[in-house]
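Nothing in this text is a laboratory measurement; each read-out follows from the coordinates by a stated rule. The model shown is predicted, which means the values in this text are computed figures rather than measured ones. With ideal geometry, Cβ positions are generated from the backbone for all residues, glycine too; neighbour counts draw on all protein chains shown.
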Amino acid sequence: MQTQRLTRLLAAAVMAGSFAIGSIAPAFADQTLLNVSYDPTRELYKDFNAAFAAKWQKDSGETVTIQASHGGSGAQARSVIDGLDADVVTLALEGDIDAIAKATGKIPADWKTKFPNNSTPYTSTIVFLVRKGNPKGIKDWGDLVKDDVQVITPNPKTSGGARWNFLAAWAWAKQANGGDEAKAQEYVAKLLQHVPVLDTGARGATTTFVQRGLGDVLLAWENEAYLSLEELGPDQFEIVTPAFSIRADPPVAIVDGNVDKKGTRKVAEAYLNYLYSDEGQKIAAKHYYRPTKPEAADPADIARFPKLTLATIDDFGGWKEAQPKFFGDGGVFDQIYKPAQ
Amino acid sequence: MKAHSPTRWRFKRPSVIPGFGMALGFTLTWLTLLILIPLSGLAVRSSALGWEKFWSIALDPRTLNALRISFGSAFIAAIVNAVFGIILAWVLVRYRFPGKRIIDAMVDLPFALPTAVAGIALTTLYAPNGWIGQFLTPLGIKIAFTPAGIVVALIFVGLPFVVRTVQPVMEEIDKEVEEAAATLGANRFQTIFRVLLPGLAPAVLTGFALAFARGVGEYGSVIFIAGNLPFKSEIAPLLIIIKLEEYNYAAATGIAAIMLIISFAMLLVINLIQSWSRRRYGYGA
């Protein structure tokens, strides 16, 4: 009797569960595109999505709703791995897209070749945000390790942006010391001792510097630095662009496994291609990303970007080599942080 | 009657309300779906590590430090909460004053507030330029971005646990008990420590255990105020996130399993003490 009652109850629970899951899927009749992106692209994609939806409506007559999901680049990649139905991913690091490709097979291993410029429609770089009047006189990377300077950067273990910061500092020290890796490591280790707080993401670090008033200099994406300036008024902060930095490439890719299942391949391809169009490049430049086709963007926007010498990830042998070497378990970051205690 | 038939084996004498079979079925199903399956997933995933790797992660100085910081600050916060939770509950139970209902409701706020919001708010207060921090900084006291900040955040999220477990038990203590103690010549100190507190001990321990357990696993509020410096203010949940960030699921679940084992052992001990003290002193035992 009792077991029977129990089975009946279980069956009812299972049925209720499957019914709830089944009814979610066909809720949208229109085309819906999900762009899984990282933190500091919020404003960029808000603009871009509106522009693309209008363009798609005009060209094809279809309405498309674009949903954007933002968060830490690595966490976003993990959501896609765990089954988030992303049509396209626009992340901070190549390694994060590689991880999705490897773990799920939903993205082909050669995804970088699918779109122009190694699938990077816009680039950025790492600059310094300092307090108004630059009281500590910070002009270049060497100034960051002066005695009384506090540097704010997120944790490279949890933040894609912080990995660019780390590599930029490394690249600078290496070229300043005639290619000496040991000297570069020494410099970065010293730099890390000037960091009082390791936030988990780029936005958190910006908040620490800007709102909490902590530190003398924030290492930040160029677009994030300009955004802070725009949001909080140039009367409080200024941007110092060092003569040497790194070219940060945030790549994009289509999640083939998902678009084929959902039948959204055409619109997803159009969406990413639109990033390379003149309009897309214009919008990127407006949001302080360096466009790959500067001639398409507004010249006034381009004029805001100072010229500087840029290292690239290729100088480190690409992310496939740099990621495990510097940021993997027991990598350079772990090694130089241990003695610092 | 059915209940007394010798072939039927029962866990407990049936209540006047029917439905033991259904209730037990529901309990087991629910526990399995929500707790046992996720937890066994944890065991399965961390077993991918193998013993040797598991131990090397467990004994890594960074893991040990993070565990020490997590369990240490949760312990301190739970003790602070036990002390001040008792006082708060006492005030709420024994006195009537204007605004009492508002304060009573406010105690639950840490339950409802997203922990990240709590973390951001506390950091804003205690940062060197914050409302409270600006007065502490000249005195050389640093709260935000130090282990002290972690404790502050954990005190915040853990407070309601103690108040809400102690409050109902306190309400059961008759005022006459205190009056009787006084007529028998006990001073106030003796009344509190020999009459009132022993009876409250089981409830306080429960509240302590809950606040402690919550503190050990807390991530959202701590992450903003801790500063997250390895070996100094890096909590174990952050270390798990870091391992996930490296797509090292096995190591992440490994640390999680270690935390789980320690927590379970500690909660078990607390529960044993609690049931002992309930038998010894408790009200309604």
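If we count other beta carbons within 10 Å of each Cβ, what is the order of A:309, A:153, A:32, fewest first?
Ascending number of Cβ neighbours within 10 Å: A:309, A:32, A:153.
Checking a compactness column here: for the stretch B:177-261, what do you get for Rg(Cα) / (2.2 N^0.38 Å), N being the number of residues?
Compactness ratio reported: 1.82.
Can you sort B:222, A:255, A:267 from fewest to most other Cβ atoms within 10 Å of each residue's own Cβ?
Ranked by crowding around the Cβ, least crowded first: A:267, A:255, B:222.
Put one equal scatterer on each alpha carbon of the stretch B:46-279, apply the Debye formula with no solvent term, and list log10 I(q)/I(0) at q = 0.15 1/Å to two decimals.
After summing over all Cα pairs, the log10 values are -1.05.
Compute the signed sum of charges (Lys and Arg +1, Asp and Glu -1) over the other residues within less than 10 Å, Cβ to Cβ, of residue A:310.
Net charge in that neighbourhood comes out at +2.
Please report A:197, A:36, A:149 as a ranked list, fewest other C-beta atoms within 10 angstrom at the top and most at the bottom.
A:149, A:36, A:197
Of the options B:66, A:270, A:211, report the single residue whose Cα projects farthest towards the positive end of the charge dipole of the protein assembly as shown (beta-carbon charges: Lys, Arg +1; Asp, Glu -1).
B:66
Once you have the Kirkwood Rh of the protein assembly as shown from its Cα pairs, apply Stokes-Einstein at 37 °C and 0.692 mPa s and quote D in µm²/s.
Reported coefficient: 117 µm²/s.
Quote the charge dipole size of the protein assembly as shown about the Cα centre in Debye, to the nearest 20; the model charges only the Cβ of Lys and Arg (+1) and of Asp and Glu (-1).
Result for the protein assembly as shown is approximately 2600 debye, rounded to the nearest 20.
Give me the mean projected area, in nm² to one decimal, of the convex hull enclosing the Cα positions of the stretch A:55-119.
5.3 nm²
If you take the square roots of the eigenvalues of the alpha-carbon gyration tensor of the stretch A:136-190 and sort them as a ≥ b ≥ c, do you get rounded (a/c under 1.5), prolate (a/b over b/c) or oblate?
In terms of gyration-tensor shape, oblate.
Dividing the convex hull volume of the alpha carbon atoms of chain A by its residue count, what do you get in Å³ per residue?
Cα-based convex hull of chain A, divided per residue, equals 177 Å³.
At 222 nm, what helix-only mean residue ellipticity would chain B give, in deg cm²/dmol to the nearest 500, using -39500 (n - 2.57) for each DSSP H run of four or more?
Helices in chain B give a 222 nm mean residue ellipticity of -22500 deg cm²/dmol.
Could I have the simple spin-label model distance between residue B:20 and residue A:150, label points 7 Å from Cα toward Cβ, reported in nm to one decimal?
My value for the distance between the label points is 6.4 nm.
Using +1 at the Cβ of each Lys and Arg and -1 at the Cβ of each Asp and Glu in the stretch A:90-243, identify which of A:242, A:137, A:90 lies farthest towards the dipole's positive end.
Among A:242, A:137, A:90, the one farthest towards the positive end of the dipole of the stretch A:90-243 is A:90.
Can you find, among B:207, B:236, B:110, the residue sitting farthest towards the positive end of the charge dipole of the stretch B:100-241, where Lys and Arg contribute +1 and Asp and Glu -1 at Cβ?
Value computed over the given set: B:236.
Test of understanding: extend the Cα→C-beta vector of residue A:62 to 7 Å, then name every residue of the stretch A:240-271 with backbone N under 14 Å from that spot.
A:259-271
Just check the stretch A:182-341 against the gyration tensor rule for me: Cα atoms, a ≥ b ≥ c as the square roots of the eigenvalues, rounded for a/c under 1.5, and otherwise prolate or oblate depending on whether a/b exceeds b/c.
oblate
Expressed as a whole number of Å, what is the distance separating the alpha-carbon centroids of the stretch B:53-72 and the stretch A:228-243?
The distance from the Cα centre of the stretch A:228-243 to that of the stretch B:53-72 comes to 40 Å.
Would you give the gap between the C-alpha center of the stretch B:127-167 and the C-alpha center of the stretch A:204-226, rounded to a whole Å?
Between the Cα centre of the stretch B:127-167 and that of the stretch A:204-226, the gap is 24 Å.
For residue B:190 and residue B:93, what does the FRET efficiency come to when R0 = 25 Å and r is the distance between their Cβ atoms, rounded to the nearest 0.05?
For residue B:190 and residue B:93, the calculated efficiency is 0.80.
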